[in-house]
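Note sheet for the following structure.
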Amino acid sequence: MNVLEYSHINIAGYTAGAQFCRVLHEKGGLIIYVHHNIKFTNIDLSEYCKEKDFEACAIKLTITSINICIITKYRSPTGNFNFFSTKFGQSTPIII
């Protein structure tokens, strides 16, 4: 999906918290929806992403005094598995 396609997706009571949009390839991409009553912060993982090989997005939720990170990662079936497995562990050192 691209940015324009994401803008047409609306789920009542939810906000798009984070997303990864493809630029070079069609289809694919990621999005995390957050209920409108939950405070969140977008975590920028763009430096780790490469279309089809490693796509990721993340948010930090703040629920009462607890911080929770949600990270979603994806590799296309035609993506480079070695690139994905190398980057998989590198995108998690997030400072909260």
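Quick notes
- Count of lysine pairs in region 3-90 with Cα separation under 13 Å (8 or more residues apart, or interchain): 7
- Footprinting exposure proxy for SER76, SER46, SER65 (fewest neighbouring C-beta atoms within 10 Å first): SER65, SER46, SER76
- Normalised contact order of region 3-90, rounded percent, pairs of Cα under 8 Å and 6 or more residues apart: 23
- The modelled label-to-label distance for the pair SER46/PHE88, using points 7 Å beyond Cα in the direction of Cβ, is 2.6 nm.
- Sites ASN80 and ASN10, calculated FRET efficiency, Cβ-Cβ separation with R0 30 Å, nearest 0.05: 0.35
- Remark: region 30-41, residue by residue, has Karplus-estimated 3J(HN,Hα) of 9, 8, 10, 9, 10, 4, 4, 8, 9, 6, 8, 10 Hz, where x stands for each Gly or Pro and the curve is 6.51 cos²θ - 1.76 cosθ + 1.60 at θ = phi - 60°.
Each reported figure results from applying straightforward, stated rules to the coordinates on display, with no laboratory input. Keep in mind it's a predicted model, so treat the numbers as computed, not measured. No Cβ is skipped: glycine too gets one built from the backbone with ideal geometry, and neighbour counts run over all protein chains shown.
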